[in-house]
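Everything on this sheet refers to the single structure shown next.
The values are calculated or read from the model by the stated rules, or taken from the named source; none is laboratory data. All of these numbers come straight from a predicted model, not from anything done at the bench. Backbone-built Cβ (ideal geometry, glycine too); neighbour counts: all protein chains shown. Keep in mind that these areas ignore ligands, DNA and RNA; they rest on the heavy atoms of the full protein, side chains included. Shrake-Rupley method; radii C 1.70, N 1.55, O 1.52, S 1.80 Å.
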Amino acid sequence: MGDSSDSVSVDMEGIAFGGKEHLVKTCHGSVSVAVFGDQDKPALVTYPDLSLNHVSCFQGLFFCPEACSLLLHNFCIYHISPPGHELGAAEISPDNPVLSADDLADQIVEVLNYFGLGAVMCLGVTAGAYILALFAMKYRPRVLGLILVSPICKAPSWTEWLYNKVMSNLLYFYGMCGVVKELLLKRYFSKDVRGNAQVLESDIVQACRRSLEERQSSNVWRFLEAINGRPDITEGLRKLQCRSLIFVGDNSPFHSEALHMISNLDSRYSALVEVQACGSMVTEEQPHAMLIPLEYFLMGYGLYRPSQLSVSPRSPLSPSCIAPELLSPESMGLKLKPIKTRISLEV
């Protein structure tokens, strides 16, 4: 632990699982870390997508009882928020420099050092997945494995760059206006849950919309600038020596990015799970689709779910959906193959 002169810890009432929020000072400014669970256990570090924090990006996964029992039984969870994205965050001073993606990755190693952590498991969504993958490349001994949801790894295409630039200008001049919210919701969710003129948007989308209203628009703008200026990290992917599990919704605007990423990772140590009828934020839209792949992935580390509950009827996965080749022992403990979840669309 760092001493009290370097960091401040404050209790956050009302956070599920009795978490505690720490404000850790780094060379690139302060970063908020919400800690859940027994700190004697191995660490799982999370990083959310643009304009989100651990509540709006990961609560669906952690409110899934089976996933919660799997993750909290095996890990202490360290939810890192992008600067100024934590609950109740104030506006970052305009005098502070805008951080780059490299700066954000460097913050993570300072967080690990503050908590006295060695090698950690990482879970990130889209922009957060990029930051954690970059962190894994820069600090390979500090990463046990990567669980990435709808990840990005290339520099922005002209289309994405322009899309982000429009959103950046709207944030800068108009704040978190209605247009920005719609652009972000389109980024996160499939059109089926976003609703239309005939169908109301789902509860998860409504909850996310409310959470976006709480963000400081200038803080979101800073994170967006970092992500829109990101370098291509494709060349470094094959040098990663950790095991990697990638989830992506087949309706995600980053679906092709995820396919590109898995094609450049070492196939012996990586697997892709494509989730049908889902957008980018699988952790919120279809968290149950993550459960069984996560179980098999973590079995390669000797980790397991404490009580073998029956598969949830809400889950689009059942053991029969997993290819038999997954169970073949290899150097990573389990041989992971690209698989697709199978969802019955009949009511």
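Please work out if S202 is in contact (Cβ under 8 Å) with a residue 60 or more places away in the chain, on the phi < 0 side of the Ramachandran plot and among the polar types (S, T, N, Q). Against the criterion (in contact (Cβ under 8 Å) with a residue 60 or more places away in the chain, on the phi < 0 side of the Ramachandran plot and among the polar types (S, T, N, Q)), S202 does not qualify. If you filter region 231-245 down to residues that are touching an Asp or Glu at 6+ places or on another chain (Cβ under 9 Å), open to solvent by less than 50 Å² (accessible area, probe 1.4 Å) and not polar (S, T, N, Q), you find that the one that is nearest to L50 (Cα to Cα) is L237. Here G300 meets each of (1) open to solvent by less than 30 Å² (accessible area, probe 1.4 Å); (2) at pLDDT 50 or above; (3) within 20 Å of the chain's Cα centre (by Cα) with one exception, condition (3). Residues of region 150-173 that are under 10 Å from N228 (Cα atoms) and open to solvent by 10 Å² or more (accessible area, probe 1.4 Å): A155, P156, S157, E160, W161, L162, Y163, K165.
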